[in-house]
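The values are calculated or read from the model by the stated rules, or taken from the named source; none is laboratory data. All of these numbers come straight from a predicted model, not from anything done at the bench. All Cβ positions, glycine included, derive from the backbone under ideal geometry; neighbour counts span all protein chains shown.
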Amino acid sequence: MPTIKVLQGSSFVETEVNSSNVGDLRTEKDIPQTASVSVNGTDATNSTSVEDGNIVAWVNNNKTGGLIVRKQ
């Protein structure tokens with residue numbers, strides 16, 4: 001099970017998930033199909049892999065923008 005950092009409010013929180021890709025993560029975290037998901041600052045599709053240490057964020061309702069965070 002990967003541990004990822006999920007954007008919650010204004011910070012990223014480490015979260016253990018059972019998902020291996022964004023499509024599975026949508027189901028696990030109730031992320032709407034209309035939401036835009038990014039993994040490590042890059043737009044993701046449902047087939048994008050979810051791996052240990054990834055930084056994941058999503059927005060819905062025609063919102064855009066966000067913060068790109070790079071691992072050190």
*Look through SER38, SER19 and report the one residue that is part of a strand (DSSP E or B) and either touching a Cys at 6+ places or on another chain (Cβ under 8 Å) or polar (S, T, N, Q) (or both).*
SER38
*Give segment 1-14 a look and list any residue that's more than 11 Å from ALA57 (Cα to Cα), modelled with pLDDT under 95 and surrounded by 11 or more Cβ atoms within 10 Å (Cβ to Cβ), or say none.*
PRO2
*asked:* Please verify whether SER36 is touching a Ser or Thr at 6+ places or on another chain (Cβ under 9 Å), in contact (Cβ under 8 Å) with a residue 24 or more places away in the chain and surrounded by fewer than 15 Cβ atoms within 10 Å (Cβ to Cβ), treating the condition exactly as stated.
replied: no
*Looking at (1) surrounded by 11 or more Cβ atoms within 10 Å (Cβ to Cβ); (2) modelled with pLDDT under 90, find the lone condition where GLY65 falls short.*
(1)
*Scan segment 41-61 residue by residue and report those that are out of contact with any Lys or Arg (no Cβ under 8 Å at 6 or more places or on another chain), surrounded by 15 or more Cβ atoms within 10 Å (Cβ to Cβ) and closer than 16 Å to VAL13 by Cβ.*
VAL50, ALA57, TRP58
